[in-house]
Structure formats: C-alpha cells, structure tokens
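> First, the structure itself, so that you have it in front of you.
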Amino acid sequence: MSEPGVPTFDQLQIFLAVVENGSFAGAGRKLNRATSVISYGVSNLEAQLGVELFDREATRRPRLTEAGQAVLAEARTVAHGMDGLRAKVKGMLEGLEAEVRLAVDVMLPAARLGDVLRAFSQQYPTVALRLSVEALGAVMGLVLDRSAVLGVSGPLVAEKDEIERVAAGSIEMIPVAAPDHPLARAGNLPPGAGRDHIQLVLSDRSTLSEGRDFAVLSRRTWRLADLSAKHALLREGIGWGNMPLAMVEADLDSGALVRLAMPDCPVSAYCLSAIYRRDAPPGPAASWLLRQFAARGAGDRI
C-alpha cells in the first residue's frame, strides 16, 4: 500500500473554502481565484492523499465523501494551528511576549488570582503563562534570579535595589484554632497565652528570610512550607496560627475553626506588592497583569 503524500497548506485552505462555501465557485470568490484553479487544487489534494474528498456525481453541489469528512476534521485542526501560529508571531513582532512567567504569594486570594488569569487568557489568548505559587521571600527570589518576570509578593524581607514594586493590596490575617483547642475553649485570652502552645508557622523555601520570624509568638513551632497543609493541621487541632481571613471564612461560619481573641496577636495586614526587576521591565502582557493586580488590590481595606 502506498503512503499518502504531504498536502500543502494552500491545498487545505482550498478544501476548507469549498466546504465552507458549498461550491467550487463560492470558494473561488472567497479566495479570489478562478473556479478552475479551485477544482485543480482539490484534484491535486485528492491525488496527494490518495482518496476522493467530494462526491461530484450525485449532486451539482460537491458533497463530502466519508473520507472527506475524516479529512475535514484534521484540516480544520491544521488551519486553527496555523492561525494560532501566525497570531503568536504577529504579537511577538509587535513586542508581545510569547510567555509570561508569574510568581505569586500563597496568601493571594485564589478567587482574585483566578479572576485576573481568566481575564488574561481572554485578553492575550496567544501568550502562554507559567505560574509559581510560593511563600514569603521565595516570590522575590524567583524574580531576582529571573525565573519569573513578574511577582505578586508579600512584605519584602529585604530591600533590594534591583526590585521595583507597585502596591497590590493587603490581606487580613487573623489567629485561629480548632474549637477543641485549649486556646479556643478559653475565650478571651491574656497576653502571652499562645506562647506555650504549638504555633503553626509558614516557612520560606528561599534563603531570603533565613533566621527571621514573622508574627511568631510561641516558643513551640511547627514549620510548614505549604499553606494548605497548615490549614489542614489547624482544623485537626494540632496547633494555632495566623491565616488569611478569606481562606478560613467558611471554617469560621461552620465552626470548624474559631477566631482567637489574642491581645498580643491582633488583626494584621499582610501587604502585597507587584514586583519586577528594574533592569527587566515587564512587556505588554505582563504589564497588563501588573495593572490588574494593582487595581483589584486598591479596594482592600484592613
């Protein structure tokens, strides 16, 4: 059995034009070519593939054969891929990035992140996105070593001349514990009550905050690099800890967690900043993301 040949993209365009316009003449008008050229192009495609694509005998209008139906789906896939390729290259020629590497702080509300990225996919459908979710200084670390062109970082653990930042809102942090935890059962707590109980503390994968603690009051700590794991352990009553209000609101409503009345650990604001390297300013797509995070954070009130 002989192998089918490789059709040209022009032959596939002619084939699709005939299908979409219902006739060789209609395809010729769409492509601004003579009907004979359209007919010749289809015949060449059939010869290349070794199958008949249209039944020209049963009706005056060309009707797809079974083989033609199968080829149609693949031809449309190729055409869509070519359209996507041309759109991506056009954007690159106009300065649009092929890919945006974004790093965000784990405290950034998932709903806000999802809202921004959904809009991004509609605004820049040809731009790929690579997302990293980190804690504390790790976001800045990715921007500093150029693994990310844009970051949404929590409070910067060190001032860096290389970093430019734009305010992107703040997250309300509150101390919580499971309802059967001693601190939750005690009600109003005196200063220092949390020091003798395990405090679950989010740790940093980077070295930028090495040796530094943030809002740590207890002498007994468990360090976790994953906020979801911290959330799960809090619900299990293993310790107490500070959490973003938005992440635990449902738990507070259901009683799975209790807000602790700790005078030495009041409500605090976890400030967010959109950051990038000063020597590598974001391109059009990344700049759009930066503006979106800043705009959505402007309404935060702590």
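The values are calculated or read from the model by the stated rules, or taken from the named source; none is laboratory data. Only a predicted model underlies this, so the values are computations on that prediction, with no experimental measurement involved. Note: ideal-geometry Cβ built from the backbone for every residue, glycine included; neighbour counts use all protein chains shown.
> If you check every pair at least six apart or on different chains, which have Cβ atoms under 7 Å apart with a residue in the stretch 187-215 that is surrounded by fewer than 18 Cβ atoms within 10 Å (Cβ to Cβ) first and a residue that is of a type outside the set (Phe, Trp, Tyr) and at pLDDT below 65 second?
ARG212/VAL157
> Further question on the same structure: Quick test for you: out of ALA269, ALA286, pick the one residue that is surrounded by fewer than 18 Cβ atoms within 10 Å (Cβ to Cβ), in contact with an Asp or Glu (Cβ under 8 Å, 6 or more places away or on another chain) and under 21 Å from ALA167 (Cβ atoms).
Testing whether each residue is surrounded by fewer than 18 Cβ atoms within 10 Å (Cβ to Cβ), in contact with an Asp or Glu (Cβ under 8 Å, 6 or more places away or on another chain) and under 21 Å from ALA167 (Cβ atoms) leaves just ALA269.
> Looking at (1) within 20 Å of CYS271 (Cβ to Cβ); (2) part of a helix (DSSP H, G or I), which one does GLY151 not meet, given that it meets all the others?
Among (1) within 20 Å of CYS271 (Cβ to Cβ); (2) part of a helix (DSSP H, G or I), the lone unmet condition for GLY151 is (2).
> Another question, if that's okay. Of all residues in the stretch 270-294, count the ones that are in contact with a Ser or Thr (Cβ under 7 Å, 6 or more places away or on another chain) and either at pLDDT below 85 or over 30 Å from ASN188 (Cα atoms) (or both).
Of the residues in the stretch 270-294, 3 are in contact with a Ser or Thr (Cβ under 7 Å, 6 or more places away or on another chain) and either at pLDDT below 85 or over 30 Å from ASN188 (Cα atoms) (or both).
> Take the residues in the stretch 141-170 that are hydrophobic (A, V, I, L, M, F, W, C) and modelled with pLDDT under 90; name whichever of them is farthest from the chain's Cα centre (by Cα).
Once the filter is applied, the top-ranked residue is ALA158.
> Still on this structure, I have one more. Does GLY194 satisfy being in contact with an Asp or Glu (Cβ under 9 Å, 6 or more places away or on another chain), under 20 Å from MET107 (Cβ atoms) and assigned to a helix (DSSP H, G or I)?
Numbers: in contact with an Asp or Glu (Cβ under 9 Å, 6 or more places away or on another chain): yes; under 20 Å from MET107 (Cβ atoms): no; assigned to a helix (DSSP H, G or I): yes.
Judged against the criteria, GLY194 is not a match.
> Still on this structure, I have one more. Go through the stretch 122-141 and report how many residues are of a type in the set (Gly, Ala, Ser) and part of a loop (DSSP other than H, G, I, E, B).
1
> Looking at the stretch 20-39, which of its residues are crowded, with 20+ Cβ neighbours inside 10 Å and either closer than 21 Å to ALA73 by Cα or in contact (Cβ under 8 Å) with a residue 60 or more places away in the chain (or both)?
PHE24, ALA27, ILE38
> Suppose we keep only residues that are surrounded by 12 or more Cβ atoms within 10 Å (Cβ to Cβ) and β-branched (Val, Ile, Thr) within the stretch 1-19. Which one would you say is nearest to THR65 (Cα to Cα)?
The residue in question is VAL19.
> Quick one: which of LEU289, LEU234, LEU252 is closer than 20 Å to ASP204 by Cβ and not in a loop (DSSP other than H, G, I, E, B)?
Exactly one of LEU289, LEU234, LEU252 is closer than 20 Å to ASP204 by Cβ and not in a loop (DSSP other than H, G, I, E, B), namely LEU234.
> Here is a list of conditions, (1) under 30 Å from GLY255 (Cβ atoms); (2) surrounded by fewer than 16 Cβ atoms within 10 Å (Cβ to Cβ), and GLY154 meets all of them except one; can you say which number that is?
(2)
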